[in-house]
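Right, one structure below, let's go through it.
Just so it is clear, none of the values below were taken in a lab; they were calculated from the coordinates. Fair warning: this is a prediction, and the values are worked out from it, not measured in the lab. Cβ: placed from backbone, ideal geometry, glycine included. Neighbour counts: every protein chain shown.
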Amino acid sequence: MSVATPTAPEAAPAPALRTALRHPAVRKLLLLAVLAAILVPIVNAKWASGSWPHALTVDASGPLGKASDWIIDNRDSHWLFLYFFGHISNAIVISVRAVYLVLLALGWAGVTAAATLVAWRVAGVRIAVTALVSFAVTGLLDMWVPGMQTLALMVVAVLASVVIGGLLGLAGGLSDRTFRMLRPVLDTMQVLPAFAYLLPVVMVFGIGVPSAVIATVIYAAPPMARLTALGLRGADKGVLEAVESLG
């Protein structure tokens, strides 16, 4: 006849709650829950109507209207437009005009041959044939002059996007603080629709080539900046040190 011997109690596992509380995300959620438990009754006691409180409504139409009127009234006389925005606008117009004249000087045959050759060397035969057909159709439809105007605008916008995006990418790739500062700006530039920032640009520069180029640069520069910064931040530290040592 066997007698059951009492066994020692197993060691109690660490409490799951204590383990969960050590996680930063759980602590943040608990803090938010405590704040909600305090603030929700207060807000409900003060504004219990169920709708958005009218006292918290911000009327932005007044300041925006005043800013728009000030820009319209001072666009041709204020120093900010004459010596800053005016120079930017003139530089863009001169650049687009120069590229446009070069394209017209090359003629249909020269532009088509150059575009086909570049497309073939960069992207392959299919893209080269697509470029050839596209320029041929542009000429057949009697849209050559408007097409060259658009192409000149895009050439200037792409070059400006590469330069600005490259400089921003260099700054963000070489400095962590600069990258943290640039990241929300680049996110905003990419998330906002083009028409959201096209309106203030048109208010400052008017309807025309400068506004089109600036709106395109705002949309196209962030990818260049991100890729440049990513390439620098992912580069080998030893390679960067060697580059610095060589000047």
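Below, the figures for the structure above:
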item	result
FRET efficiency for SER61 and ARG126, using Cβ-Cβ distance with R0 set to 45 Å, rounded to 0.05	0.30
Stretch gain in nm, segment ASN90-ALA25, where the contour uses 0.36 nm per residue and the Cα spacing is subtracted	18.1 nm
Label zone at VAL145, where the point sits 7 Å out along the Cα-to-Cβ direction: segment 85-108 residues whose backbone N lies under 13 Å	104
MRE, 222 nm, helices only [DSSP H, n ≥ 4, -39500 (n - 2.57), over the chain, to nearest 500]	-26500 deg cm²/dmol
FRET efficiency for LEU117 and LEU82, using Cβ-Cβ distance with R0 set to 41 Å, rounded to 0.05	0.40
Integer Hz, Karplus 6.51/-1.76/1.60 couplings in order for segment 84-96, x for Gly and Pro	10, 5, x, 5, 4, 4, 5, 5, 5, 5, 5, 5, 5
Within a Gaussian network of the chain (alpha carbon springs, distance under 10 Å), most fluctuating of MET224, MET143, MET203	MET143
Full-extension gain in nm, ARG177 to ALA36, via 0.36 nm per residue minus C-alpha separation	47.5 nm
Helix axis angle, 24-46 relative to the chain longest principal axis, alpha carbon, degrees	90
Residues with amide H under 5 Å from that of GLY208, placed H, sequence gap 5 or more	none
Choice from SER77, SER51, SER161 showing the highest fluctuation, given a GNM over the chain with Cα pairs closer than 10 Å	SER51
